[in-house]
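Here's the structure, in structure tokens; my notes come after.
The values are calculated or read from the model by the stated rules, or taken from the named source; none is laboratory data. Remember, it's a predicted structure, so these values are computed and weren't measured experimentally. Positions of Cβ are backbone-derived with ideal geometry, glycine not excepted, and every protein chain shown enters the neighbour counts.
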Amino acid sequence: MKVLCAVDFTPRGQAAAKVAVDLAGRTGGSVELIHVTGPRAADILAIAGSATIVDEEVRANIDARLAAECDRIATAGVQVSAHVCDGEVEPSILKRAQKIGADLIVVGAHGRSALRRFLFGSVGDEAVSIANRPILVVPPGVDQLRSTNDAAKRLRVTVALDGRSGGAAAIAFARELRSQTPCDVTFLRLYSAMEEYARLGLAGPRDPFEPDAEVVADLEREVRTAVAFLPGTGSTSVVVEPAWGELAAKILEVARRQGDDLVIVGAESRHGLSRIRHPAVANRIAHEASGIPVVFVPHKEGSAPGKSVPAIMNVLAPTDLSREGNRAISFAYGMVAAQGGVVELCHVDVRTEGRLTADERERIEGQLRALIPRDAEERGITTHITVVDGGRAAEVIVQVAERFVVDAIVMASHGEGGALRSILGSVSHAVVDSSRRPVSIIPSLER
């Protein structure tokens, strides 16, 4: 891992340099120390009587101090170099990182205002446009990684996820880190109990302050699917807990309790060249972090959907058992016919409202089974049958899609003809409006 570390010859800068060398040593990388002489110093030199002489003396002094810093942090197997430049501090650091192809920028935080200024808005548009690499912030209270004194000890890392797109970048950084050095990685997923109950359609008495088995199972499956395989050596665990109040404080609390070396937080770059803008949780972590280093991983614009072909392996096919509703089912099977997969056949009986008898349920399940194509099994397609007794059709369909973690929903634009068309047609519109998953609408033949 190639690391660029900003130093200003303060204790915070020295601590950041030690962390940078530790990470580089563990990952077989190198470190470049960068010191930026600010524009105010240049102004003073410009009005000095012997500006050239003073400039040379200042530069020589900085070079000597950087050389001493390199000697201080040098360790076997880690190449340490130095670079001095003039200009605005933050843009200069970011531009240098781009030029040398740094994998990580390490900075020491002197306080909340300085940290927030670096991360959230003082950087100009040009610099922010190239700030597409992780930034490790070494806050007050940290002089080295917890496991520094035991080089054979695995790093302990918590990756905080909140379901946003920035989480993919955080996972990717954790994957790359563990491919280079042994790590015990915990993926922490905190959730709002009421939001998850509504999303999954969970009813009945529940304790929102305790982990809910159904919510935990769903979110853990979601996290493990997103993480997939982690290379290298170390343990991998998923922690799903309800959270109330300040999520950032909870994340830092868990990390400190586990004795972590690092917290990794995904961040999203919004509005192109505007600025790095972390989601609210990351913002608060930056504001409150102390005692544990935090890696902010910007979401790369080029990594957005569209750069790879999504795999469609699990499709939900809801039907009202009308001719038009059933016609969409063949398209659902066609979507997974090439590679095989799972089709979830679903019927929501909106007329029973909890009064569906066992015989009626069996009859409906039989009707759904009769819709399975004859060659589905030969093509490696598995079919699951779900009958839901009552509820608002659109809400139930979206909830079923969440429970089964489907890759897509395929449904008809209209159900029965005549007077019911506008009512049932609105179901497909409502699903499109509220689903977090792709929805394919099959139009009616009656046009």
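Structure data summary
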read-out: Residue, surrounded by the most Cβ atoms within 10 Å (Cβ to Cβ), within segment 53-81, restricted to residues that are modelled with pLDDT of 85 or more and not in a helix (DSSP H, G or I); value: V80
read-out: The listed residue being touching a helix residue (DSSP H, G or I) at 6+ places or on another chain (Cβ under 7 Å) and hydrophobic (A, V, I, L, M, F, W, C), out of L262, L177, L219, L188; value: L188
read-out: Of all residues in segment 375-433 being within 21 Å of M335 (Cβ to Cβ), touching a strand residue (DSSP E or B) at 6+ places or on another chain (Cβ under 8 Å) and small (G, A, S), the one that is modelled with the lowest pLDDT; value: S413
read-out: Test: residue in segment 320-341 that is assigned to a strand (DSSP E or B) and closer than 18 Å to G390 by Cβ; value: no
read-out: Selection within segment 82-102 - of a type in the set (D, E, K, R) and not in a loop (DSSP other than H, G, I, E, B); value: D86, E90, K95, R96, K99
read-out: Selection status of T357, in contact with a Gly (Cβ under 7 Å, 6 or more places away or on another chain) and β-branched (V, I, T); value: no
read-out: Residues that are within 21 Å of R178 (Cα to Cα) and among the basic types (K, R), drawn from segment 211-238; value: R224
